[in-house]
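*Asks:* The structure that follows is given in the form of structure tokens.
The values are calculated or read from the model by the stated rules, or taken from the named source; none is laboratory data. Model, not experiment: these values are computed from the prediction. Glycine gets a Cβ as well: all are built from the backbone with ideal geometry, and neighbour counts include every protein chain shown.
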Amino acid sequence: MPKNRAPKNQTWKNRNSDPIYQLRDRFSPMNPVSLFCILAGVSLNAGAQLLLKAGTNAVGHFEFTRANIIPVAWRLATQPPIIGGLACYVISVAVWVVGLSRVDVSIAYPMLSLGYVVNAFAAWYLFGEIMSVQKLVGIGIILVGVVVLARS
């Protein structure tokens with residue numbers, strides 16, 4: 001039955017006030033706007049990780065100890081990539097919440113795994129991290145899983 005039609009025994013007024021129909025309509029399959037919100041949230045989250053990595057690369061290896069916690073924290077907090085990464089996280093949460101309001105969490109949440117795919121290739125390209133056959137197989141499995149879930 002098409003989504004916009006009420007059953008024969010139910011008027012539009014009754015259908016629109018029925019909580020079951022409201023829930024079904026609210027959590028309908030992913031439409032382009034919902035997909036955009038979910039993918040934007042994932043992309044911003046992945047971008048945040050890359051910016052944080054760039055910021056920590058600029059600072060170098062460090063450890064927090066009682067003696068250096070303030071200077072190291074200050075150095076991290078003043079790195080532009082760290083600030084940008086934290087901003088991306090904040091925006092990603094806002095966009096993600098909008099997406100979750102439109103899509104079942106059982107479909108949306110697994111899409112976060114696309115961030116692993118984005119970050120694996122970006123880390124290989126930007127930071128020279130190794131892209132092994134095992135990583136490529138894992139990425140393939142993730143992509144198949146996301147496609148299967150998105151179509152359910």
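*Asks:* Consider only pairs whose beta carbons are under 7 Å apart and that are at least six residues apart or on different chains; among these, list those whose first residue lies in the range 52-66 and is free of Cβ contacts under 8 Å to residues at least 40 places away in the same chain and whose second residue is among the basic types (Lys, Arg).
*Replies:* VAL59/ARG75
*Asks:* Go through the range 53-70 residue by residue and tally those that are over 26 Å from SER92 (Cα atoms) and at pLDDT 90 or above.
*Replies:* Number satisfying all stated conditions: 1.
*Asks:* Next up: Yes or no: VAL90 loosely packed, with under 13 Cβ neighbours inside 10 Å and at pLDDT 95 or above?
*Replies:* yes
*Asks:* I'd like the full set of residues that are among the aliphatic types (A, V, I, L, M), farther than 18 Å from LEU51 by Cα, out of contact with any helix residue (DSSP H, G or I) (no Cβ under 6 Å at 6 or more places or on another chain) and part of a helix (DSSP H, G or I), limited to the range 112-145. Can you show your working first?
*Replies:* Kept after step one, since they are among the aliphatic types (A, V, I, L, M), are these residues of the range 112-145: 112, 114, 117-118, 120, 122-123, 126, 130-131, 133, 136-137, 139, 141-144.
Remaining after also requiring farther than 18 Å from LEU51 by Cα: 130-131, 133, 136-137, 139, 141-144.
Right, trim to out of contact with any helix residue (DSSP H, G or I) (no Cβ under 6 Å at 6 or more places or on another chain) and you get 130, 133, 136-137, 141, 143-144.
If the condition is that a residue be among the aliphatic types (A, V, I, L, M), farther than 18 Å from LEU51 by Cα, out of contact with any helix residue (DSSP H, G or I) (no Cβ under 6 Å at 6 or more places or on another chain) and part of a helix (DSSP H, G or I), then VAL133, LEU136, VAL137, ILE141, LEU143, VAL144 are the ones that fit.
*Asks:* Looking at the range 53-111 only, could you name the residues that are in a helix (DSSP H, G or I), among the small types (Gly, Ala, Ser) and either within 13 Å of the chain's Cα centre (by Cα) or on the phi > 0 side of the Ramachandran plot (or both)?
*Replies:* Hits for the range 53-111 are SER92, ALA94, GLY99, ALA108.
*Asks:* Moving on. Quickly run through the range 133-152 and pick out the residues that are more than 19 Å from ILE38 (Cβ to Cβ), surrounded by 10 or more Cβ atoms within 10 Å (Cβ to Cβ) and of a type outside the set (A, V, I, L, M, F, W, C).
*Replies:* Correct list: LYS135, GLY138, GLY140.
*Asks:* Considering the range 31-52 alone, what residues qualify as being among the hydroxyl-bearing types (Ser, Thr, Tyr) and either within 12 Å of LEU100 (Cα to Cα) or modelled with pLDDT under 95 (or both)?
*Replies:* Passing the criteria: only SER34.
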